[in-house]
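What follows is one structure encoded as structure tokens, with my remarks underneath.
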Amino acid sequence: VSVSLEPFVEGLAAPLLVTNAGDGSGRLFVIEQVGRIRIVEDATLVRRPFLDIAERINAGGERGLLGLAFHPDYGAGRDDLYVNYTASDSDTVIARYRVDPDDPDVADPASEEILIRLEDPYGNHNGGNLVFGPDGYLYIGMGDGGGGGDPLEAGQDLGTLFAKMLRIDVDGTSDGRPYAIPDDNPFVGEAGAEPEIWSLGLRNPWRYSFDAVTGDLWIGDVGQGRWEEIDRSLAAEGAGRGLNFGWNVMEGPDCFPADDPCEGTDDLTLPIASYEHGPGCSVTGGFVYRGTAQPALAGVYVFADYCSGELFGLSSSGPDVQDPVSYGRIEGSIASFGEDEERELYAADLRGGRIVRVVGTPD
Ligand SMILES: [Ca+2]
Ligand SMILES: [Ca+2]
């Protein structure tokens, strides 16, 4: 199969994410890093932003408005959406907003309710993705806080939210939190462990997704100086529940640092795929293609390297360790992949200021 990116919408300022609301409206929603959410309707960029919270946000580098997810029942009795951003004071914030009851194309900036606010000592590794899982819970990908080599030693520390996949129930509250902790989170009741934690050992999970058919969890975890990696956890094996993805004991398939003895690796979950630095430098996790318009991509996990523009594929039903298939390089900086309501696949080209369609052609 050959994979190419077809122009779809231009004129965006540093688009970081493309997604849909799942409300049957057919709209796409695009994040602009500076702090705006834009609507794309009928392949046209709507001039008025859906939400503009730029004044609350510190944007640039790895900071900004980083994530967006709509409640699974959005448009069907629910009016709430969730964002992840770097606040003016550089805190990491996960917040809820509500749509204007009189206008489906505008969210209310005054409706903000902050769920999580975390002081973040470094400008990099802020994670930022938000995804509702097939179980209806919100999955929050947290970077290791930043610096190089995990100076906070967050990766293996269950006492911090950094370097983790978190899982929360936005429909409830508990113990003074504006959300609830699902009973089956793996570290509930464990002394010294934060109960939000679902998986640990992540460095900067820049984009992850659930396979819409199988429920498998796919994570792109950005590496340090040598390796970029993709992690897959099958739904049948818990879709990441309680798993330790290795950072900072390991980077990709190697011990970290490389000359270290790599203690305790028996319990670590190794990547399904890794590639070395050189042309590549930062992985952008993608999606298992489950649409219908591109049958050549059926069941293929499509991802990219942000720096080189190289596109890759993995077999979603293939073995636990695979060499990624390269589809060659494109002109652009792919910050994210995203789906429309028909599960057709798009990508956000940050520097190109555009959204493109992912097209697969049989060779
Ligand atoms: Ca940080
Ligand atoms: Ca890892």
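Data table
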item: Cα gyration tensor, the stretch 93-166 - rounded (a/c under 1.5), prolate or oblate; result: prolate
item: Shape of the stretch 73-204, Cα gyration tensor, a/c cut at 1.5; result: oblate
item: Within the stretch 210-265: Cβ-based charge dipole about Cα centre, in debye rounded to nearest 20 (Lys, Arg +1; Asp, Glu -1); result: 200
item: Whether the stretch 180-295 is rounded, prolate or oblate, judged on the alpha carbon gyration tensor where a/c under 1.5 counts as rounded; result: oblate
item: Equivalent ellipsoid semi-axes, the stretch 274-342, via Cα gyration tensor eigenvalues times 5, rooted, Å; result: 20, 15, 10
item: Whole-Å semi-axes of the stretch 213-274's equivalent ellipsoid (Cα gyration tensor); result: 22, 13, 7
item: Computed magnitude of the charge dipole of the stretch 298-363 (debye, nearest 20; Cβ of K, R +1, Cβ of D, E -1); result: 220
item: The stretch 33-139 - Rg over Rh from alpha carbon coordinates, Kirkwood radius; result: 0.97
item: Estimated dipole of the stretch 127-196 in Debye, rounded to 20 [Cβ of Lys and Arg +1, of Asp and Glu -1, Cα centre]; result: 200
item: Interchain or long-range residues, amide H under 5 Å from residue 352's placed H; result: 333
item: Stokes-Einstein diffusion coefficient of the chain, Kirkwood radius over Cα pairs, 37 °C, 0.692 mPa s, in µm²/s; result: 162
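Only the coordinates and a few stated rules stand behind these numbers; no lab work does. Computed from a predicted structure; not experimentally measured. Ideal geometry is used to build each Cβ from the backbone, glycine not excepted, and the neighbour counts take in all protein chains shown.
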